[in-house]
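As structure tokens, the structure follows; a few thoughts come after it.
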Amino acid sequence: MASTSRPANIIIGGLLLFVPALLAALALPRLLQGVRAEPFHRVVDFAQLGKRLSPSTYRAAADALAGASENDGESLSERAQILVLSAGNDPATLVRSRALAVDALRAGPSNPDAWLVLCQIDSLQSPTAANRCLDGAFTIAPYDWYTAERRMQLTAQEWPYLDEHVRDKAVSVVLPMWNIVWPMSNYTLRGTLYELSFTDNGRQLLRAGFAGHRSELRDFNRYIIESNTYGPQ
């Protein structure tokens, strides 16, 4: 009995050792990719804050993120965003960026960053494409506050070309943006609405958003006056 169980134990022990080794081998490429990309995540943060960096920095960041897995939607959308910033007027780079954004959405259909990048690229192609993309973005993640500032700025930019259906979706977000307050930090999105007031299209979006809400509109106008005097609060 002992002679027959010993080979079996050896085989079982080998299998038990093989499985962790296999998992480690499969995880190694992603780990190395993460190590290479880590120094460039700050580039993505700057981009999301609207801060411009040098073209060489964007190219280096895009190269560092080039090995992202097709199932890693976050890294794919980050690389797409950086490629857009490095593209200038190069149509080929924009095409590559759009393909990455689409791949990111295949990996995670509700990824708001990927939707934003896709809509930014589509806005460079045609008003119809931007309208269609923003329709999808507002449908999938209407209350994603992390991308709210950039998405609402893009919406204002495209406002003359948006159909009524998409305008209504954007308008429905204005009042929640005015009212939301994060309790621990007292952070609000009112500064984003203030930025929209700088352009004619943005003011049209705001007027539609506050229509029928006289009390909130009065408070917002007071906020605009105070922000013009003391800066956004």
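Just one of (1) touching a strand residue (DSSP E or B) at 6+ places or on another chain (Cβ under 7 Å); (2) within 29 Å of L76 (Cβ to Cβ) fails for D122. It is (1). Would it be correct to say that Y223 is of a type in the set (S, T, Y) and within 19 Å of the chain's Cα centre (by Cα)? No, not satisfied. Residue check: M152 meets all listed conditions (1) under 14 Å from the mean Cα position of the chain (by Cα); (2) open to solvent by 10 Å² or more (accessible area, probe 1.4 Å); (3) not β-branched (V, I, T) but one, namely (2). The helices (runs of 4 or more DSSP H) falling completely within the range 150-233 that include 2 or more residues that are free of Cβ contacts under 8 Å to residues at least 24 places away in the same chain map to 164-179, 200-210, 214-230. Scanning the range 136-149 for residues that are part of a helix (DSSP H, G or I) and open to solvent by less than 40 Å² (accessible area, probe 1.4 Å) returns G136, A137, F138, A148. If you filter the range 113-125 down to residues that are open to solvent by 40 Å² or more (accessible area, probe 1.4 Å) and not aromatic (F, W, Y), you find that the one that is farthest from the chain's Cα centre (by Cα) is Q125.
Conditions (1) surrounded by fewer than 19 Cβ atoms within 10 Å (Cβ to Cβ); (2) over 12 Å from Q153 (Cα atoms); (3) out of contact with any Cys (no Cβ under 9 Å at 6 or more places or on another chain); (4) of a type in the set (S, T, N, Q), marked per residue:
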site: W182; (1), (2), (3), (4): yes, yes, yes, no
site: R190; (1), (2), (3), (4): no, yes, yes, no
site: L193; (1), (2), (3), (4): no, no, yes, no
site: L205; (1), (2), (3), (4): no, no, yes, no
site: F210; (1), (2), (3), (4): no, yes, yes, no
site: R222; (1), (2), (3), (4): yes, yes, yes, no
site: E226; (1), (2), (3), (4): yes, yes, yes, no
site: T229; (1), (2), (3), (4): yes, yes, yes, yes
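Here T155 fulfils each of the conditions (1) β-branched (V, I, T); (2) at pLDDT 95 or above; (3) touching a Lys or Arg at 6+ places or on another chain (Cβ under 6 Å) apart from (3).
Scanning the range 85-112 for residues that are in a loop (DSSP other than H, G, I, E, B), within 19 Å of A141 (Cβ to Cβ) and open to solvent by 50 Å² or more (accessible area, probe 1.4 Å) yields P109, S110.
The values are calculated or read from the model by the stated rules, or taken from the named source; none is laboratory data. This one's a predicted model, so the numbers in the text were calculated from it and none came from an experiment. Neighbour counts are summed over all protein chains in view; Cβ atoms, including those assigned to glycine, are modelled from backbone coordinates with ideal geometry. All accessible areas refer to the heavy atoms of the entire protein, side chains included, with ligands and DNA or RNA removed. Shrake-Rupley method; radii C 1.70, N 1.55, O 1.52, S 1.80 Å.
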